[in-house]
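Take a look at the structure below.
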Amino acid sequence: MDIQLKSRVKCIDRPVGEVSRLILSQTTREITDMVVRLDANGREIVVPVDGNTSVRPGPEVVLLYPVDRLEGMPGFRRGDWEEVEVAEFAPHLHVHQGEVLAKFPEAERDLSRRRFFFWASNAIGALITLPLVWPVFKYLIFPLYKGFDNAWVRLGKADRLPAADSPVLLEFTRTPKEAYMVNTVKKTAWAVKASPDLLKDVYKGDPERVFKEADGQPIWENKGVEYIVYSGKCPHLGCAYRWDETDKRFICPCHLSIFKLNGELVSGPAPRRLDTLPVRLADGQVEIIDAEYKAGEHGKKRIV
Ligand code: FES
């Protein structure tokens with residue numbers, strides 16, 4: 001006769017509880033143990049089904065030893081057991097799925113614990129190696145995300161701009177670093193030693209006077225300096241433009257945008273006035289921050 005779930009369980013001296021689950025051997029498909037829920041405290045213990053187990057009608061299971069012996073039996077831990085497919089393993093038991101268990105293979109038993117140790121040891125390893133790899137990682141990744149280059153670049157001695165309101169084309173060399181590529185490029189800017197009227201005219205607006213970092217923080221204001229420097233690139237599509245001394249106009253030959261000395265657009269397809277640059281006088285040298293602004297847009301949007 002098979003042990004039935006919910007059978008009353010008693011030892012030779014007194015009743016102890018009832019059968020709450022059955023445990024099968026995966027190989028023989030025989031019941032090897034039963035889980036007994038104790039009446040005294042509701043605790044579940046694993047009790048072997050062997051020659052000392054007698055199954056009787058009722059249903060009832062009699063353990064042929066005194067109740068004291070149960071104290072040495074292991075407690076039931078659900079994680080140590082897996083459900084078996086009742087229909088496949090024990091069709092004769094008339095039990096529900098989840099009520100019949102089998103022992104986990106030893107290798108899988110402590111899987112969650114082993115997983116924990118696996119991840120914990122990896123995390124500790126990462127913490128130990130992070131200080132070593134961080135400088136290399138920073139070196140590789142930082143150039144991709146750094147802010148604008150706000151270094152001051154020398155255009156030349158101020159005495160190259162002797163006459164007020166007479167623009168001079170100045171060349172300078174830059175070695176921008178884009179990610180890991182370093183290039184040397186020749187660039188130009190139009191510099192003007194400005195009369196007070198021209199200074200007032202040009203620097204009356206914030207975009208011409210105040211310069212900002214990518215995050216919007218101001219980095220420089222063209223204040224108290226008697227020079228104006230325009231980017232050498234036309235704000236339409238970036239062509240180089242020239243100064244026409246006769247008409248006192250800047251003229252871009254690409255699409256014929258024309259600008260006044262104060263940078264304002266007179267005619268042509270350019271969407272905005274000429275781009276002023278941060279400028280200062282240091283040790284008798286005119287210096288600029290070589291900012292670049294997106295061509296073809298109305299607003300002055302810094303890109304380099
Ligand atoms: Fe100057 Fe087009 S690039 S007008």
Hey, among Val210, Val192, which residue is closer than 14 Å to Leu277 by Cβ, surrounded by 11 or more Cβ atoms within 10 Å (Cβ to Cβ) and free of Cβ contacts under 8 Å to residues at least 24 places away in the same chain?
Val210
Looking at the structure I just gave you, is Tyr241 farther than 16 Å from Val304 by Cα, of a type in the set (Phe, Trp, Tyr), in contact with a helix residue (DSSP H, G or I) (Cβ under 9 Å, 6 or more places away or on another chain) and in contact (Cβ under 8 Å) with a residue 12 or more places away in the chain?
no
Test: Phe148 is among the aromatic types (Phe, Trp, Tyr), surrounded by 10 or more Cβ atoms within 10 Å (Cβ to Cβ), modelled with pLDDT of 80 or more and outside any strand (DSSP E or B)
yes
Strands (runs of 3 or more DSSP E) contained in region 20-68 and holding at least 1 residues of a type in the set (Ser, Thr, Tyr) and touching a strand residue (DSSP E or B) at 6+ places or on another chain (Cβ under 8 Å)
31-38, 53-56
Can you tell me which residues in region 260-291 are of a type outside the set (D, E, K, R), within 13 Å of the ligand (Cβ to nearest atom) and either surrounded by fewer than 22 Cβ atoms within 10 Å (Cβ to Cβ) or under 18 Å from Lys200 (Cα atoms) (or both)?
Leu265, Val266, Ser267, Gly268, Pro269, Pro271, Leu274
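Residue by residue, here is whether (1) within 16 Å of the ligand (Cβ to nearest atom); (2) modelled with pLDDT of 95 or more holds:
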residue	(1), (2)
Lys212	no, no
Ile228	no, yes
Arg242	yes, yes
Cys252	yes, yes
Ile258	yes, yes
Which count do you get for residues in region 254-304 that are of a type in the set (Val, Ile, Thr) and within 42 Å of the chain's Cα centre (by Cα)?
6
Can you tell which of Lys186, Lys204, Lys200 is assigned to a strand (DSSP E or B), farther than 30 Å from Val136 by Cα and away from the ligand (no atom under 16 Å from the Cβ)?
Lys186
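The values are calculated or read from the model by the stated rules, or taken from the named source; none is laboratory data. Note that the structure is a prediction, hence the values are computed from the model and not measured. FYI the Cβ positions are ideal-geometry reconstructions off the backbone, even for glycines, and counts take in every protein chain you see.
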